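Each remark here refers to the structure printed beneath this line.
The values are calculated or read from the model by the stated rules, or taken from the named source; none is laboratory data. All values derive from a computational prediction rather than experimental measurement. Methodologically, a virtual Cβ is constructed for each residue, glycine included, from the backbone with ideal geometry; neighbour enumeration extends over all protein chains shown. Just so you know, the surface numbers come from the protein's heavy atoms only, side chains and all, with ligands and any DNA or RNA stripped out. Shrake-Rupley method; radii C 1.70, N 1.55, O 1.52, S 1.80 Å.
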Amino acid sequence: MKKKWWQNSVVYQIYPRSFQDTNGDGIGDLQGIIRRLDYLENLGIDAIWLSPVYQSPNDDNGYDISNYEEIMSEFGTMTDMEELIAEGRKRNIRIIMDLVVNHTSDEHAWFVEARKSPENPYRDYYIWRDPVAGQVPNELRSTFSGSAWEFDEASGQYFLHLFSKKQPDLNWENEKVRQEVYDMMNFWIEKGVGGFRMDVIDLIGKLPDQEITGNGPRLHEYLQEMNTETFGGKDLLTVGETWGATPEIAKRYSDPKRNELSMVFQFEHVGLDQQVGKEKWDLAPLDLTKLKEVLSKWQTSLGNEGWNSLFWNNHDLPRIVSRWGNDQQYRVESAKMFAILLHMMKGTPYIYQGEEIGMTNYPISDISEAEDIETINMYHERIEKGYTKEEIIRSINTKGRDNARTPMQWDDSLNGGFTTGTPWLHVNPNYQVINVEQALTDSSSIFYTYQKLIELRKQNEIVVWGAYRLLEDTPEKVFAYTRELGAEKWLVVTNISEELNEFRMPTPAKEVLVANYELTSESLTGEINLRPYEAFAVRL
Ligand code: TEU
Ligand code: CA
């Protein structure tokens, strides 16, 4: 495999609305990101995945785009965007744009036209169907509750929306749509962006009449065409968001021979704490044996035909320290443990803003405190189905998307230093204790563990290329694996619980590389006792 810059890189995701406000309107902005680039350079990251900053009516916080070549006025201007790209470049930080092309906003000029009449030249940019027996064309459901079909009074037809009704799905079978998307991508490539994160890209090949949404028959044909028409041969990072991907599917996207994407986000581990066959809101305890199985499968099965992305968090998921760690007594230990477990694996790690200081979920007690459309729609749907308010709120506090979207906690001043105005979404009151300023002054903070892990990846080829092997004979709650490259061998051991657990060192440790407790290599021989959430990586 020819080596690429993104193979030893670490990406940092920014949710701009919640990162840093600079003009007191309570909404993060591009100037806020520019102000914090030095902080990110100090952390050591190579690229920023920027959640959408395009013009949008914000039905789904920017994932409903009304103009792909304009910046959302709340975030700033195109000049600010160009400044961000240039200031990033000075610090070797590339900007990865969020490419949301499964759907647009219903306020996009294409849809405004399309809606005018069935004869409009833009009509076929979207997916329209006649009623069947006076009803919706079929049973397709929206991810944000209810039917995926919305009735259009004027024409008597339905249009398809796999997300909110303000996010009509584009018709990728229409060659003109594809060409518009490629032109827009080239517009951004010319501006100097470092690549694209492709929102729900597995859906663009859908066959709505057959109720096929993911992995449709022409999906890979479209991606190969996109590659040829845009980023192919341009040394950019491309990562597809692909819910439901298996390793076999991931290879179709990321086998370098196929000229599609650099890598995909797979979500198999993300679904391990929900009831099988149900929705994410139907809670179940995490099965650690499955977690080890799933992550190990992904580590070993791509080979040279693909590349892994590594993540616990993003703007759609609850905070990992609250989800599978302990965000109270062992917040620092468990946050570092998850960092060590993931960052010593093979693939490109993604850090979601605030993860590097151990930010936590923020529970609500009433639906009026929620901002996220998915959460709000689900609440009303489940109330109608007879669920109790208490159980729905419990699901929201465990899995809701607002958890990770609360504003970044920079210091202990009002609103955590995020804004001098009224923040668009509540700031977690624990900002007085958990904030960047505190993390930077404490040499044993979570931040410095992340910094160390990034540095280890930069300085040791074994982290990037070494073979992975799971250690099988460990207690259920111990996740341990080795990495091996040439004569070099590293061991990573993590205790995913607050109980003590025993572990037998396969051979004595020669050097401690990173750990979340005080540790000497001399103590790491034979049978050892792992403390609550203890984690370390050592050279054997
Ligand atoms: O997410 C895809 C998606 O399906 C999510 O809504 C996710 O499945 C959900 O949170 C799990 O219940 C992408 C974006 O990451 C998300 O923010 C957008 O809302 C969505 O696409 C639509 O663009
Ligand atoms: Ca602002």
Label-point separation, residue 77 to residue 369 (7 Å along Cα→Cβ), nm: 3.9 nm
With Cα atoms, 0 to 90° folded angle of helix 78-90 axis to the chain main axis: 20 degrees
5 angstrom amide H check on residue 101, placed H, neighbours 5+ away: 199
Inter-label distance, nm, simple model (7 Å from Cα along the C-beta direction), residue 390/residue 112: 5.0 nm
With Cα atoms, 0 to 90° folded angle of helix 331-343 axis to the chain main axis: 80 degrees
At R0 = 41 Å, FRET efficiency that the Cβ-Cβ distance of residue 500 and residue 540 yields, to 0.05: 0.95
Residue 289 paired with residue 433, simple spin-label distance in nm, labels 7 Å along Cα-to-beta-carbon: 3.6 nm
Using θ = phi - 60° and Karplus 6.51 cos²θ - 1.76 cosθ + 1.60, couplings along segment 521-529 (whole Hz; Gly, Pro as x): 5, 4, 7, 9, 8, x, 7, 10, 9
For segment 430-522, accessible area per residue (1.4 Å probe, heavy atoms of protein chains only), Å²: 49 Å²
Accessible area of segment 324-425 divided out per residue, in Å², using a probe of 1.4 angstrom: 35 Å²
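How much FRET efficiency would the formula 1/(1 + (r/R0)^6) give for residue 183 and residue 451, where r is the Cβ-Cβ distance and R0 is 30 Å, rounded to 0.05?
Values: r = 40 Å, r/R0 = 1.33.
The formula returns an efficiency of 0.15 here.
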HN-Hα J in Hz across segment 123-140 - Karplus 6.51, -1.76, 1.60, θ = phi - 60°, x for Gly and Pro: 3, 7, 6, 10, 10, 10, 9, 6, x, 10, 6, x, 10, 4, x, 7, 8, 3
Residue 347 long-range amide H proximity, modeled H, under 5 Å: none
Over 27 Å between alpha carbons, listed pairs 4/251; 4/489; 251/290; 90/234; 4/297; 116/278: 116/278
Stretch gain in nm, segment residue 175-residue 141, where the contour uses 0.36 nm per residue and the Cα spacing is subtracted: 9.6 nm
Placed amide H near residue 67: partners under 5 Å, 5+ positions off or other chain: 55
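What percentage of the solvent-accessible surface of the chain, computed with a 1.4 Å probe over protein heavy atoms, is contributed by carbon and sulfur atoms? Before the final figure, lay out the partial values.
Numbers: 9660 of 20980 Å².
In the chain, the share of accessible area belonging to carbon and sulfur is 46 percent.
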3J(HN,Hα) from dihedral phi, segment 190-198, Karplus parametrisation 6.51/-1.76/1.60, rounded to Hz, x for glycine, proline: 5, 6, x, 6, x, x, 9, 9, 9
